[in-house]
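The values are calculated or read from the model by the stated rules, or taken from the named source; none is laboratory data. What you are looking at is a predicted structure, and each value in this text was computed from that prediction instead of being measured. Glycine also receives a Cβ, built like all others from the backbone with ideal geometry; neighbour counts cover every protein chain displayed.
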Amino acid sequence: MRKLYIIILSLFLFSNLQAQNWVSLSTPQYNDYEIKFIDRYTGFIFGTQGFTQYLMTANGGLTWQTKSFSGNYFLKVTTIQQIGSKLYVGAGGEFNGYPQGSLYISVDGGNSWSSFQSSCSFTDIQFINTSTGIAGAGVSYSFESDGGIFKTTNGGVSWEEKLNDSYIYLNVDFPNEMTGNAAGYHWADFGYNHDKVVKTTNGGENWITIKFDSTEWFTPRYKKMQFLNLNTGYLLFDNLFKTTNGGQSWTEPYAFPSDSARSFHFINENTGWISGRLDGKIYKTIDGGSTWVAQNIPVGNISGETFFLDETHGWARANGTTVLTTDTTGLMGISISGSEVPQSFRLHQNYPNPFNPNTSIKFEIPSSVRGERSKVKLSVYDIAGKEVGVLVNSEFQPGVYEYNFDGTGLVSGVYFYRIAVQTDKLTPNNFSETKRMVLVK
């Protein structure tokens, strides 16, 4: 009986570690820094362009828009966080030899922003609530790095320096208002360059070093830190380190297959993903990092962040042109059907038809508009010609898309669905078509 238990447990672990159904979504060419979704549909990609520019999607990554913040365009967007209905974005850099930063706040999901300017170059910002936030900061000057840790208690209007040294603090992570950690590196033209993690238990008033790496390097080894609670945290240098006692001691639970891992994300103490630059793969663990299994991904070279909302909904950035997602159940009702790019516009007959209450509606955007955006509106009308619903009203790149229509709220009868497409080209490339469907309850 004991052998049977072991076999069942092994099959369970193997099943949960198997590759998720990753699919690829095209995006504009962009030098990655971070990808973050605040819900299943709204996501952002921040880059290393040296400007306060970013990509934004409102449909889970199917289409993206390039946007920019107002203000100092020499700053680099470094972090994003959501607290309640507010989005906080930090940016930092150097201008005319002096560190500068900006905090941007949005109350409408990232469509418009207000900003506060600062003399510290933000590298990471974490708000504990809408008033209190901690920021890591730092820049590299001609011969040495300079940085510190700052705190605000008035929503980012002003910042007070809580730690001043020569380290660039790339991450701050506070499980609660009093206890938190910060990690980063020191760089100099002459002498040794180091990485370290510091900790506070009194809201940033005092800091102690809980991990110090004296390894000499020419480029920073530190990449990322994440604490899941007061005790359990992960730290990525060339390998992944783990603590279960708040940083008093660190272990290497597993020798990661690639010594160039650059990104990871955990959704709880046991389940996480990590990606490496050399092999371009994504690995998953469900036992806190002791065991990792490579995921099957449609493209290689995972060059940016890997981010998960939960175990089902995740995204990764590859090749500077592609977003991978595990959300294959449909994005706002839309899913990508196959990888072929059609040669002409087409609206398919819904299937099944008649239907009760769900049916699929497929449409195609041709390769003749490759590289451009097509504005697609898909609507449903009743027998009297009254519009009863707008299913799709967004921009799409060339491809084959499928919408899962739910007619639960409609009465039985004959309906019409119509697609209207406007491209960035001249009028002859526009397209519209209407088809008939029957709902039988």
What's the total number of residues in the stretch 142-152 that are over 27 Å from the mean Cα position of the chain (by Cα) and surrounded by 14 or more Cβ atoms within 10 Å (Cβ to Cβ)? 3
Please find, within the stretch 170-179, the residue that is farthest from residue 130 (Cα to Cα) out of those that are polar (S, T, N, Q) and in a loop (DSSP other than H, G, I, E, B). 179
Taking the stated definitions as given, is residue 41 part of a strand (DSSP E or B), surrounded by fewer than 20 Cβ atoms within 10 Å (Cβ to Cβ) and at pLDDT below 85? no
Within the stretch 154-169, how many residues are at pLDDT 90 or above, in a loop (DSSP other than H, G, I, E, B) and surrounded by 14 or more Cβ atoms within 10 Å (Cβ to Cβ)? 3
Where residues in the stretch 256-278 are at pLDDT below 85 and surrounded by 16 or more Cβ atoms within 10 Å (Cβ to Cβ), which of them is nearest to residue 324 (Cα to Cα)? 275
Within the stretch 133-149, can one find any residue that is part of a loop (DSSP other than H, G, I, E, B) and within 30 Å of residue 58 (Cβ to Cβ)? no
Tell me which strands (runs of 3 or more DSSP E) are completely within the stretch 53-97 and hold 3 or more residues being under 15 Å from the mean Cα position of the chain (by Cα), at pLDDT 80 or above and more than 15 Å from residue 120 (Cα to Cα), or say none if there are none. 53-57, 76-83
In the stretch 357-381, which residue that is surrounded by fewer than 16 Cβ atoms within 10 Å (Cβ to Cβ) and in a loop (DSSP other than H, G, I, E, B) is modelled with the highest pLDDT? 357
